[in-house]
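Below is one structure, written out as structure tokens, with a few remarks after it.
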Amino acid sequence: MSTFSDLFSLFIKSREINVSALTAYCNLDRSTMYKLINGKRTPTSKELVRQIASFMNLNPVETQELVDAYLLTKVGWEAYYRRKNVLDFILNFDELRLDSAFPASSSQKFRPSAKSMESSSVPLTSQLHLSAALQQMLLESTSLGSDSIRIFAQPEHLQTLNVANFLANYQAHIKIEHILCINNNKSLIRSQRNYNIQCLKRMVPLYGTLHDYQPYFYYDNINSHFNNLNILPCMFIAGTSAILCSSDLKEGILFSNKDIVELLKNRFDEMLKETSPLTQEFSTGLNFHLKNFSSIYTSSQEVYSLSAEACLIPFFTPDLVDKYMRKDFPDRSDMIADLNNYIKAFSSSNLHIYFSKDGILNFLMTGYIREIPDSIYTPPVDMADRLRLLRKLSEHINGKWDIRMMKGPMDKFPLPLHLSITSNYGYMMFSRCNKELVYIMLKEQNILNSFYDFACSLEENEMLCTYEETAAFLRSVVEQNTLRASSLS
């Protein structure tokens with residue numbers, strides 16, 4: 001038996017379905033139908049599953065349950081839930097990013113008792129107590145001009161303690177080194193969310209608000225490391241103070257003794273040597289991007305570009321680069337050369353460009369290309385050039401590159417997010433609250449593999465339009481806007 005056959009059999013019994021009639025309705029032979037019921041065979045497509053659901057008069061919720069059971073059986077529960085987690089990350093990205101825009105909640109200033117003032121260590125006996133002490137410690141550290149903050153904790157701890165919003169409130173340009181654990185054990189609970197994707201999800205507000213944030217990772221069993229009998233596994237060090245606290249954030253100790261704080265700093269620095277960067281942020285000038293990703297695209301077998309607005313950079317010609325590059329850009333001629341070389345690199349790659357209907361309409365309406373920073377080009381793109389770029393995009397459909405419009409849940413792909421994924425490299429791009437673009441290179445292989453597998457699965461999960469549907473939509477909007485533009489001229 002399988003997950004699909006278990007549910008299928010349950011519906012047959014509860015609805016008292018005539019199997020012979022169902023077999024004829026689905027145009028299957030008797031042997032095949034009984035193999036589907038007994039779990040010895042999996043349906044060949046979602047269409048067949050929906051056909052079965054239609055005959056059994058299942059409601060929309062029951063039909064979706066049967067389709068989900070089919071997908072789970074087809075790819076295995078681990079891949080199924082991993083893909084669901086990536087989809088949830090993408091579709092809820094706007095909410096993740098907006099979390100960083102909310103002001104930090106006010107908490108009472110930490111005031112130790114007169115007795116504890118005489119001590120170099122202060123017990124913290126509640127989450128409120130801990131949060132107040134941490135915020136006071138960070139505030140004093142930033143006001144004293146401390147060069148860095150050291151954190152050994154998981155992203156959910158930082159989220160609970162409101163660290164990103166608190167630091168953003170003070171616009172602290174301070175280096176934050178964050179060590180976290182990446183799970184290397186498979187969950188035995190099928191419906192459990194992919195922990196590593198959840199980590200990335202909780203870190204988006206940190207990237208969105210903090211200007212010098214660098215996470216480092218090590219592998220371990222996250223449940224045994226933080227949820228077993230560990231006394232005070234989390235550590236925060238800033239300025240002349242340090243806090244050790246429990247993983248449930250209900251108790252801890254604040255240290256202000258110089259020797260103890262220095263010992264903990266040294267311990268943190270030693271641990272840092274045993275970790276690897278989880279991501280790499282490059283937001284200044286795009287030099288890293290242009291000089292490194294051209295070789296990445298050339299050497300990669302498959303490159304997936306997922307965004308609301310189609311990836312239009314490959315369709316820029318040298319005259320368009322020169323026209324829209326800012327005239328006052330430093331070393332303008334060198335940057336133009338780098339951009340043109342970057343664009344050429346796409347020609348030798350197997351590029352998959354997936355976009356949404358709303359993204360194309362938004363580009364036509366605004367003329368803004370979100371994947372290009374405002375600091376290097378002069379928006380908006382003229383209407384004539386918008387139509388020219390979309391014509392070139394349309395002309396490449398059914399050519400060397402895989403160019404298609406997303407549908408289903410991916411039709412709501414968030415405008416601020418752009419994903420570029422290969423099997424070995426990948427980055428996500430989004431804008432900070434001040435509209436500055438942030439590029440985050442994904443370096444941890446498990447997270448990267450999750451996004452790459454998701455991108456590869458879009459077609460089999462019926463989240464892509466056909467080439468014909470994509471071409472028809474682009475032709476329609478180009479023709480409509482060409483007529484509109486000519487009537488206004």
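The values are calculated or read from the model by the stated rules, or taken from the named source; none is laboratory data. Just so it is clear, the model here is predicted, and its values are computed rather than measured. Virtual Cβ from ideal backbone geometry, glycine too; neighbours counted across all protein chains shown. The protein model used for the area step is the full one, side chains on, heavy atoms only, and it has no ligands, DNA or RNA in it. Shrake-Rupley method; radii C 1.70, N 1.55, O 1.52, S 1.80 Å.
Do the conditions hold for Phe102, that is, is it aromatic (Phe, Trp, Tyr), open to solvent by 40 Å² or more (accessible area, probe 1.4 Å), out of contact with any Lys or Arg (no Cβ under 7 Å at 6 or more places or on another chain) and at pLDDT below 80? So Phe102 fits the description; yes. Are any residues in region 315-352 surrounded by fewer than 18 Cβ atoms within 10 Å (Cβ to Cβ), at pLDDT 90 or above and within 25 Å of the chain's Cα centre (by Cα), and if so, which ones? Those that are surrounded by fewer than 18 Cβ atoms within 10 Å (Cβ to Cβ), at pLDDT 90 or above and within 25 Å of the chain's Cα centre (by Cα): none in region 315-352.
Does Ile421 satisfy the condition of being open to solvent by 10 Å² or more (accessible area, probe 1.4 Å), within 17 Å of Ile353 (Cα to Cα), hydrophobic (A, V, I, L, M, F, W, C) and in contact (Cβ under 8 Å) with a residue 24 or more places away in the chain?
No.
Taking the numbered list (1) more than 30 Å from Gln64 (Cα to Cα); (2) at pLDDT 90 or above; (3) not in a helix (DSSP H, G or I) in turn, Leu415 passes all entries but (1).
Among residues of region 145-165 that are without any contact (Cβ under 8 Å) to a residue 24 or more places away in the chain, none has a Cβ under 6 angstrom from a residue that is part of a strand (DSSP E or B) at a sequence gap of 6+ or on a separate chain. Against the criterion of being assigned to a loop (DSSP other than H, G, I, E, B), on the phi < 0 side of the Ramachandran plot, open to solvent by less than 40 Å² (accessible area, probe 1.4 Å) and modelled with pLDDT of 90 or more, Leu58 qualifies.
Could we say that Met428 is surrounded by 17 or more Cβ atoms within 10 Å (Cβ to Cβ) and free of Cβ contacts under 8 Å to residues at least 24 places away in the same chain here? Yes: the conditions hold for Met428. Taking the criterion of being touching a residue at least 12 places away in the same chain (Cβ under 8 Å) and among the aliphatic types (A, V, I, L, M), the residues of region 347-385 that qualify are Leu351, Ile353, Ile360, Leu361, Leu364, Ile369, Ile372, Ile376, Val381, Met383, Ala384.
The single condition among (1) in contact (Cβ under 8 Å) with a residue 40 or more places away in the chain; (2) open to solvent by 50 Å² or more (accessible area, probe 1.4 Å); (3) not in a loop (DSSP other than H, G, I, E, B) that Leu7 does not meet is (2). Across region 467-489, the qualifying residues are those that are within 27 Å of Arg83 (Cβ to Cβ) and touching a helix residue (DSSP H, G or I) at 6+ places or on another chain (Cβ under 9 Å), and the one among them that is surrounded by the most Cβ atoms within 10 Å (Cβ to Cβ) is Thr470.
Conditions (1) over 17 Å from Lys400 (Cα atoms); (2) in contact with a strand residue (DSSP E or B) (Cβ under 6 Å, 6 or more places away or on another chain); (3) hydrophobic (A, V, I, L, M, F, W, C), marked per residue:
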residue: Leu306; (1), (2), (3): yes, yes, yes
residue: Leu320; (1), (2), (3): yes, no, yes
residue: Lys323; (1), (2), (3): yes, no, no
residue: Asn340; (1), (2), (3): yes, no, no
residue: Ala345; (1), (2), (3): no, no, yes
residue: Ser349; (1), (2), (3): no, yes, no
residue: Pro380; (1), (2), (3): yes, no, no
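Among the numbered criteria (1) crowded, with 18+ Cβ neighbours inside 10 Å; (2) at pLDDT 85 or above, which one does Gly208 miss? Unmet condition: (2).
From Lys273, Lys291, grab the single residue that is modelled with pLDDT of 90 or more and over 30 Å from Leu87 (Cα atoms).
Lys273
Criterion applied to Asp358, Asp382 was being under 26 Å from the mean Cα position of the chain (by Cα) and open to solvent by 40 Å² or more (accessible area, probe 1.4 Å), and the one residue passing it is Asp358.
One line per residue, one yes/no per condition, for (1) surrounded by 15 or more Cβ atoms within 10 Å (Cβ to Cβ); (2) at pLDDT 95 or above; (3) on the phi > 0 side of the Ramachandran plot; (4) in contact with a Cys (Cβ under 7 Å, 6 or more places away or on another chain):
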position: Lys250; (1), (2), (3), (4): no, no, no, no
position: Phe268; (1), (2), (3), (4): yes, yes, no, no
position: Ser295; (1), (2), (3), (4): no, no, no, no
position: Thr298; (1), (2), (3), (4): no, no, no, no
position: Glu309; (1), (2), (3), (4): yes, no, no, no
position: Ile313; (1), (2), (3), (4): yes, no, no, no
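Six or more apart or on different chains, Cβ under 9 Å: which pairs go from a residue in region 388-412 that's in contact (Cβ under 8 Å) with a residue 60 or more places away in the chain and under 11 Å from Ala471 (Cβ atoms) to one that's small (Gly, Ala, Ser) and in a loop (DSSP other than H, G, I, E, B)? Could you list them? Cβ pairs passing all conditions: Leu393/Ala310; Ile403/Ala310; Met405/Ala310; Met405/Ser356. Summed over region 296-346, the residues that are in a helix (DSSP H, G or I), farther than 17 Å from His418 by Cα, of a type in the set (Ser, Thr, Tyr) and in contact (Cβ under 8 Å) with a residue 24 or more places away in the chain give a count of 3. Among the residues of region 10-48, the ones that are part of a helix (DSSP H, G or I) and open to solvent by 90 Å² or more (accessible area, probe 1.4 Å) come to 5 in all.
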